[in-house]
Amino acid sequence: MALIQLTDPGETQSDPNQENRLAIGIDLGTTNTLVACVGEDGRPQVIADENGSRMLPSAVHYTQDATVLVGEPALAMRADNPDSTIVSVKRLMGRARGDIDPAFSFPFAADAEQQAMAVLTTAAGPKSPVEVSAQILTAIIARARAQLGQEPEAAVITVPAYFDDAQRQATKDAAGVAGIKVLRLLNEPTAAALAYGLDRNEEGCYAVYDLGGGTFDISVLRMRSGVFEVLATAGDSALGGDDYDLALARLAGGESGRIDAAALAAARVSKEKLSDGASVKHPLPDGGSVPVSAQDFEQATATLTGRTIELLRKCLADSGIGEKELRGIIPVGGATRMPAIGKALKESMNAPIFADLDPDEVVAIGAAAQADLLIGNRRDKDWLLLDVIPLSLGIETMGGLVERIIPRNSPIPTARAQEFTTHKDGQSAMSIHVVQGERDLVRDCRSLARFSLRDLPPLKAGTARIQVTFRADADGLLQVQAREQTTGKSATIEVKPSYGLDETQITAMLRAASSNAAADAAERSLAEARNESASLITMLAGALAEDSQLLDPDEASQIDQARQHLQQAAQDSDADAIRLAVKRLNAAVEPFAQRRMEHALKQALTGRNVSEAG
């Protein structure tokens, strides 16, 4: 009889000939989106585009001919056509128009008030936030494909810890439209802690302070022996850097009047400058400017910053640990670069603030590490994530009250059950209304779903026994089952929030994405070629302004002819012709560029002896 060898329980068996599978981590942000993957050295790294840029602006522009631009090209169109350029769409995910702060100038459709989900109007027709987010995801996945040379199999996508079920489902729907399998929706603070813990191998309790463009999360985690345990989470999914932009725009332009997209864009630039300086001249719509000091900005946003500190203290209280046990605070998100944030954290918390990791990239890095693990690429060691559900889940009971079944900060995945009964004699059906939130009245919580359990035995009121079971998966998404105990009758619902998209709509959007793939690729190629031509012409103009005397008349004529040819080609829609014209102009300019370099070197060495030059 042959003996079969068994591995030690703590040992991971791997096939040395098996190739690693490719999974990516995506930080789908309000302001910027990033993608990362684990390299051959086993370390996660953010993927840059062909120009070396790591961040893709979360902006989408639609034209009347159905062209879609994403990222920097979309932002470039914002000044001329702001209503068809969508930014900060993450604020709208899983939300109706009534949920959105009216101060923010989104191009809502005329009938958006009657829609369960906010709908935006663009030059290409109405678009849902899911569709807009899908365009961003499609672009960032294309970046990964182009830079890595292969198609990613799946992704871990990060979401704010305080995203509710509707917002999480909207994110998952957007990924489905973009054609990527979602391994896990990972809370952003957890992803940051994962990146930090793997990078520094620290143990103890830490707070992750995550202030993004449109959301704020605070999570308290315990790291020990490869286990990342979330103890508590708190936050506000409608508080972020955009709100600081709004405050600065009001500070500079006065409280009256509507703050439009251009004013917010200018405020964002001024905000970023104030992170490095004491004051800034903030531009006004009339062409003038007004001085804004860092102190003025700090005072104007003190209430916003104070809200984040209150939530930090609340999260610490919920976690059950004292401030003395906190070993450090991990800042996440570009908005944490504002000096007022660091100042507030130092004044309110007796804990070091770690700033050795890039706050813009740390979430994507953690997501990539988790994606690599979930796809089956076992590296030198495994780890375990124990996350929590951010908001309580329950059902409506008599009188419009909420009975919580899964309390907030419960570890996930989890399953909880509770028994209920009928309130009328002979009642043959029961309506189950699933809600999410911390308030005691249904009207103050968010409605997630409704379903019915029918064919109940006609018993006296209070004698039927109906067990309601909630199951929350690792993504924080919910399944609810109701079962009558004596007959075994049951009903189950996968909670698909009422914000949005049914399977027919998802399928239609997938078909549209597939049928337009070739056209989208062609439009992207044309936009890239035009960008390349514009950059070359601008650089040439600068060089000629400085050193045109280095050219003889024939060379100048050849360069001018090639430049005019490129300008004409860029007006057409043939990307290959534009690239050929770029190549021709580069060839004409090459001797001039070489001569400029030699001239600059000669000037640098003039008047110096050999020993000084060495």
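The values are calculated or read from the model by the stated rules, or taken from the named source; none is laboratory data. These numbers come from a predicted model, not from an experiment. So basically every Cβ, Gly included, is an ideal-geometry build from the backbone, and we count neighbours across all protein chains shown. Quick note on the areas: whole protein, heavy atoms, side chains included, nothing else; ligands and nucleic acids left out. Shrake-Rupley method; radii C 1.70, N 1.55, O 1.52, S 1.80 Å.
Secondary-structure-derived ellipticity at 222 nm for the chain, considering helices only, amounts to -12000 deg cm²/dmol, per-run term -39500 (n - 2.57) for DSSP H runs with n ≥ 4.
Hey, which of these cross-link pairs are over 26 Å Cα-Cα: Lys127/Lys314; Lys273/Lys346; Lys181/Lys489? The answer is Lys127/Lys314; Lys181/Lys489.
Under the simplified labelling scheme, the Arg327-Asp572 pair shows an inter-label distance of 6.5 nm, with each label point 7 Å from Cα along Cα→Cβ. Here Lys172 is the anchor, and the aspartates and glutamates within straight C-alpha reach of less than 16 Å, apart from those fewer than 8 places off in the same chain, are Asp27, Glu131, Glu153, Asp164, Glu188, Asp473, Asp475, Glu494, Asp502, Glu503.
Compared with the dominant Cα axis of the chain, that is its longest principal axis, helix 188-200 is turned about 70°. With R₀ fixed at 56 Å, the C-beta to C-beta distance from Leu580 to Arg224 puts the FRET efficiency at about 0.40.
In terms of its C-alpha gyration tensor, the range 175-237 has an oblate overall shape, because the principal axis ratio a/c (a ≥ b ≥ c, square roots of the eigenvalues) is not below 1.5 and a/b does not outweigh b/c.
Measuring with a 1.4 angstrom probe and ignoring ligands and nucleic acids, Cys445 comes out at about 20 Å² accessible. Out of residues 5 or more away from Ile405 or on other chains, whose amide H comes under 5 Å of its own, with H placed 1.01 Å from N in the peptide plane? For Ile405, whose amide H was placed from the backbone, the distant partners under 5 Å are Leu393, Gly394, Ile395.
Going through [x] 15, 35, 27, 15, 8, 1, 0; [y] 18, 39, 25, 14, 4, 0; [z] 17, 45, 30, 7, 1, 0, the figure that equals P(r) over Cα pairs in 20 Å bins from 0, in percent as computed for the structure here is [z].
Extension gain, Asp99 to Val290, is 65.5 nm, computed as 0.36 nm per intervening residue step minus the present C-alpha separation. Dipole magnitude for the chain: computed about the Cα centre from +1 point charges on Lys and Arg Cβ and -1 point charges on Asp and Glu Cβ, it is near 1460 debye. Across the options Thr414, Gly426, Ile395, the greatest Cα extent toward the positive end of the charge dipole of the chain (unit charges at beta carbon of Lys, Arg, Asp, Glu) belongs to Gly426.
For the chain, the relative contact order is 13 percent, taking Cα pairs closer than 8 Å that sit 6 or more residues apart in sequence and dividing their mean separation by the residue count. The share of accessible area on the chain that comes from carbon and sulfur is 48 percent, using a 1.4 angstrom probe. Exposed loop sites, defined as GluC sites (Glu not before Pro) outside DSSP H, G, I, E and B with at most 13 other Cβ atoms within 10 Å, are absent from the longest region of the chain, namely 51-254. Can you tell me which lysines have their Cα less than 19 Å from the Cα of Lys271? Leave out same-chain residues fewer than eight positions away. Filter leaves Lys281, Lys343. Between Leu550 and Asn20, the distance separating the two model label sites (each 7 Å from Cα on the Cα→Cβ line) works out to 4.4 nm. Close amide H contacts of Val119 (hydrogens built in the peptide plane, cut-off under 5 Å, sequence separation of 5 or more or a different chain): Ala109.
You can think of it this way: the chain between Asp80 and Gln418 has 116.0 nm of extra reach, that is 0.36 nm per residue less the Cα-Cα gap. Local charge for Lys271 was computed over the other residues whose Cβ lies under 13 Å away, with Lys and Arg +1 and Asp and Glu -1, and equals -3. Our coupling estimate for the range 485-492, obtained by passing each phi through the Karplus curve with A = 6.51, B = -1.76, C = 1.60 and θ = phi - 60°, is 6, 7, 9, x, 4, 9, 9, 10 Hz, Gly and Pro reported as x.
Between the listed residues Ile309, Gly226, Gly197, the Cα displaced farthest toward the positive end of the dipole of the range 187-323, a dipole computed from Cβ unit charges relative to the Cα centre, is found at Ile309. Can you tell me the orientation of helix 503-515 relative to the chain, as the angle in degrees between its alpha-carbon axis and the longest Cα principal axis, to the nearest 10? Long axis of 503-515 versus the principal axis of the chain: about 20 degrees.
Going by the alpha-carbon gyration tensor, a ≥ b ≥ c the square roots of its eigenvalues, is the range 313-396 rounded (a/c under 1.5) or, if a/c is not under 1.5, prolate (a/b greater than b/c) versus oblate? It is oblate, given that a/c is not under 1.5 and a/b is not larger than b/c. Computed from the C-beta positions of Asp260 and His599, the FRET efficiency with R₀ = 60 Å rounds to 0.80.
Please give me the summed charge of the neighbours of Leu550: other residues whose Cβ is under 11 Å from its Cβ, Lys and Arg +1, Asp and Glu -1. Surrounding charge for Leu550 is -3.
Scalar couplings 3J(HN,Hα) for the range 312-320, obtained by applying the Karplus form with A = 6.51, B = -1.76, C = 1.60 to θ = phi - 60°, are 4, 5, 4, 5, 4, 5, 5, 6, x Hz; x denotes Gly and Pro. Note the angle between two axes, namely the Cα long axis of helix 241-253 and the longest principal axis of the Cα atoms of the chain, as a number of degrees from 0 to 90, rounded to the nearest 10. That works out to roughly 60 degrees. FRET efficiency for the pair Leu148 and Asp358, taken as 1/(1 + (r/R0)^6) with r the Cβ-Cβ distance and R0 = 25 Å, rounds to 0.75. Relative to the current alpha-carbon distance between Leu386 and Ala278, full extension at 0.36 nm per residue lengthens the span by 34.6 nm.
Distance between the 7 Å Cα→Cβ label points at Lys343 and Ala461: 6.2 nm. Summing charges over neighbours of Ala600, with a neighbour being any other residue whose Cβ is under 11 Å away from its Cβ, gives 0 when K and R count +1 and D and E count -1. Per residue, the solvent-accessible area of the chain (1.4 Å probe, heavy atoms of protein chains only, all protein chains present) comes to 49 Å².
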